[in-house]
1. One-quarter of the Cα convex hull surface for region A:77-255, in nm²?
2. Between B:A15 and A:L98, what's the calculated FRET efficiency when r is the beta-carbon distance and R0 is 56 Å? Round to 0.05.
3. Return the equivalent ellipsoid semi-axes of chain B as a descending list in whole Å, where each equals the square root of 5 times an eigenvalue of the C-alpha gyration tensor.
4. Order B:53-66, B:129-142, B:75-88 from most to least packed using the mean count of other Cβ atoms within 10 Å.
5. Where the centroid of each part is defined by its Cα atoms, how far is region B:89-132 from region A:137-161 in Å?
6. Semi-axes of region A:163-229's equivalent ellipsoid from the Cα gyration tensor, sqrt of 5 times each eigenvalue, largest first, rounded to whole Å?
7. Mind listing the long-range amide H neighbours of A:L183? Cut-off is under 5 Å, sequence gap 5 or more, other chains count too, H placed in the peptide plane at 1.01 Å from N.
8. Translational diffusion coefficient, Stokes-Einstein: compute it for region A:41-124 using the Kirkwood radius over C-alpha pairs as Rh, at 10 °C and 1.306 mPa s, and state it as an integer in µm² s⁻¹.
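FYI, it's all coordinate maths here, none of it is from the lab. Quantities reported herein were computed from a predicted structural model and do not represent experimental measurements. For neighbour counting, all protein chains shown are included, and Cβ atoms are generated from backbone atoms with ideal geometry for every residue, glycine included.
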Amino acid sequence: MAIDSRTMESARGLVANRTRSNGPDLDSGDGASLSIAAGRHGRRDAWCTAIATTLAFAAGLAIAHAVTDGFEAYTLESARRLQALRAPASVPDLALVLADDGRTRLSGMPGRVLLVDFVYTRCPTYCVALGSVYARLQRRLAPEIAAGEVRLVSVTFDPARDGPAELRAYRARHSADPAGWDLGRPARAGDVERWLAAFGVVVIPDGLGGYAHNAAVHVLGPDRKLVAILDTQDIDGIAKAARRAAGRQAVHVAAR
Amino acid sequence: MLPRVDPTRAMLLAAGLWLALVAPPVRAWLESSMALHMLAQLPLLAAIGYGIGRAWMLSRADSTAGRVLAGAQSFNAGGVTGIVAASFVMVLWMLPRLLDLARLDGVVDAVKFVSVPLAGLAVALSWPRLPLIARAVVHLEVIATLFRFGWGYLAADQRLCLAYLADDQQRAGELLLWLGALYALAITWRPMFGTAPGFIRPDPPRATGART
């Protein structure tokens, strides 16, 4: 394996095993000894290498910086949350078939601010928590809901099993009052993927017949931009984010 | 070290293995679990590049391949450039965010299928030129990285990868720790206990094969 370089080096009249040998002398690749022993070519190689290594290091750092959002988001979940905070993106105007009445789109939903979560009603773990969280939010944000400022929206990603009846039953399990809490399913089967992709939600089979997903509450502002993604247990944070999204935009609109 | 094989056969073997790994069913299978993704697919892809690199180094100095190699190696004195580049590639692909993206996004996966073999290739071209101290540093860093990631995945109290389940993450973390321990054992065996029990051979003897 070392033959090519060695023959070349000896052709140049250099000390073969002190320069480019790939063989067993372990110190042979040392850049310092290389530049001393190999003379002109070695020095050129050392310079080329210094430049190439610097470039490789800079490129590596730049790529690492880019794919971790400046060394802040090492997971997909933190990446989407960070994006919501730093540069809220518009969510496509997706269609939803409501459990209560007919079809609507995100832009047409009542409520300046929407709190969106994704569920499947057979879910034994997370969505039960999500359901009770929404019931609590319903009570906490009752004034905002009454004023048309905030609306809770639960979207099922299992529309084959979750019909209007299942969705209404799910809400009824958690809350006696349906006011301000809409449930719906993506209009067509293919729409589920579009809904999930728009919010950055990943659903995978949990191996027990159910699903695992990155459960969270997604705050959509009046312009239907995704402005915050919060943990489901963070009720205070969710309520605050909802009020802020409604309030800040109101000021903004008034200023215009 | 790899058994001595004909360079052409080694290249064909590597290409065949790469194609097999790219094949949708195999790809889906190896990416279906985090442990398989990290501990089978990534090492195999790197090994493919490593094999190609070793075969490349057997090429005649006056052949095109040999001249290209010599040209590339003039930017790789002491093997530094290659090791630096390969380290970035391998560490980045072990991050949960990129594991997820590789699984969920075909374009990202394509980048992985090219960059990881290139990292293996870089190691093959660089390792023999690397000074002993630098080799030790690289070994240490590999062990530390395996432990760091292993511990991180094992100790995380929630799922770090959206595309993989929590128990899969635990298993991946555990296996990374085992791999790190085995790696450390394999590396320290010779200096500590003398001749290896067969599975690590000293550096390949000079002038093996390559008389072309």
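1. Mean orientational projected area (region A:77-255, Cα hull): 9.6 nm².
2. Calculated value: 0.55.
3. Taking √(5λ) for each Cα gyration eigenvalue gives 30, 22, 15 Å.
4. Ranking the peptides B:53-66, B:129-142, B:75-88 by packing returns B:75-88, B:53-66, B:129-142.
5. One Cα centre to the other: 44 Å.
6. Details: eigenvalues 83, 77, 34 Å².
Listed largest to smallest, the semi-axes of region A:163-229 are 20, 20, 13 Å.
7. Amide H neighbours of A:L183, under 5 Å, 5+ apart: A:A99, A:D100, A:S154.
8. Rounded to a whole number, D works out at 89 µm²/s.
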